[in-house]
Amino acid sequence: MDSYLDILPKGFTAIAVKTKGHNFFIDRKGISSTGCWVVSKDRVDDYVIVFHQTSSVNNVYIGEFIGKKAEEFTERKEKKYPRYRIFIKNIKLALKTNTNWTSFVGKNNGGFERIYLENKGQEKPKYLDPDSIEAEEGYRKDYSQMMSARDRDLANARKKKDNYTCQSCKKQYLVNNKYVIDCHHLNPINLGKRKTKLDDLVSLCPTCHRIAHTRIPPYSLKELKGIMEIYT
């Protein structure tokens, strides 16, 4: 599966936008530009990534960010926000891919068609089949870390603090007078042995906990919430 990490140099940032080609202008020897987007007025990125979605294959371009200009406005809750045209130089077609936009940017971005990205040298995310042995093992390994007496007490404290409610989907399950809720490590346990603290944990229902482990590294709580917003 293709990712922005395949094309964005290590240590650099980019603003990425998804388009079907509307107002996307390419000049390989001069200045190219995107359509107009609501973006930070003062933010300056190193690169611009344009994810051009077509009916057959997605063309992904990358070029150097050289500036932006407010040309349009959008209104939200009776407030006007400027929409900026983004200008690019040295643009090139970086790859053709069948990977969808959400997977390409490596986030569950809630449907937003522009996003800020950074390559910190992190590993390319690995997506797992939910029924795969690897996904199941990740879930079980996370769960099994809470088996010592101290960690069970810590897990119970976390669940109580979260009101036995999943912090992703916000559902609470009480079955036969017992709450059905898991504790999930916010930082992957494969980073090494360490003494778990209360803030290292979050309460998740079994379903959201399984979903978290369908990717390596696991989905963050913010990303899980984004997934729940799409499907609930």
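One table, with the values for the structure above:
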| item | result |
| --- | --- |
| Convex hull volume per residue in cubic angstrom - Cα atoms of the chain | 168 Å³ |
| Magnitude of the charge dipole, the chain, Cβ model with Lys/Arg +1 and Asp/Glu -1, debye to 20 | 560 debye |
| Of Ser33, Thr19, Tyr61, farthest towards positive along the dipole that unit charges on Lys, Arg, Asp, Glu beta carbons give region 16-71 | Thr19 |
| Carbon + sulfur, % of accessible area of region 1-97 - ligands and nucleic acids excluded, 1.4 Å | 47 percent |
| Assigned charges on the beta-carbon of Lys, Arg, Asp, Glu; region 5-102 dipole about Cα centre (debye) | 120 debye |
| Loop sites in region 71-136: trypsin sites (Lys or Arg not before Pro), DSSP, at most 16 other Cβ within 10 Å | Lys77, Lys120 |
| Given the chain, longest segment not containing exposed loop GluC sites (Glu not before Pro) (DSSP; at most 13 other Cβ within 10 Å) | 124-232 |
| Residue with peak Gaussian network fluctuation, the chain [Cα springs, cutoff 10 Å], from Asn59, Asn177, Asn156 | Asn177 |
| Amide hydrogen neighbours beyond the local backbone of Val38, cut-off 5 Å, H modeled | Tyr84 |
| Helix-only [θ]222 nm of the chain, DSSP H runs n ≥ 4, -39500 (n - 2.57) each, per residue, nearest 500 | -6000 deg cm²/dmol |
| Net charge, Thr74 excluded, C-beta distance under 10 Å - Lys, Arg +1, Asp, Glu -1 | +2 |
| Whole-angstrom gap from region 50-72 to region 80-96, using each part's C-alpha centre | 4 Å |
| About the Cα centre, charge dipole magnitude for region 72-135 (Lys/Arg +1, Asp/Glu -1 at Cβ), debye | 560 debye |
| Hits among aspartates and glutamates - C-alpha to C-alpha of Lys170 under 12 Å, sequence gap 8 or more where chains match | Asp162, Glu229 |
| Distance violations [Cα-Cα > 21 Å] among Lys20/Lys126; Lys41/Lys69; Lys141/Lys195; Lys29/Lys68; Lys69/Lys89 | Lys20/Lys126 |
| Cut-off under 5 Å, modelled amide H: who pairs with Leu201 long-range | Leu186 |
| Distant-in-sequence amide H partners of Tyr164 (H built 1.01 Å from N, under 5 Å) | none |
| log10 of Debye I(q)/I(0), alpha-carbon scatterers only, for region 24-145 at 0.12, 0.13, 0.20 Å⁻¹ | -0.60, -0.68, -1.23 |
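The values are calculated or read from the model by the stated rules, or taken from the named source; none is laboratory data. None of these values were measured; they are calculated from a predicted model. Backbone-built Cβ (ideal geometry, glycine too); neighbour counts: all protein chains shown. Surface accessibility is based on the protein's heavy atoms, side chains included, excluding ligands, DNA and RNA. Shrake-Rupley method; radii C 1.70, N 1.55, O 1.52, S 1.80 Å.
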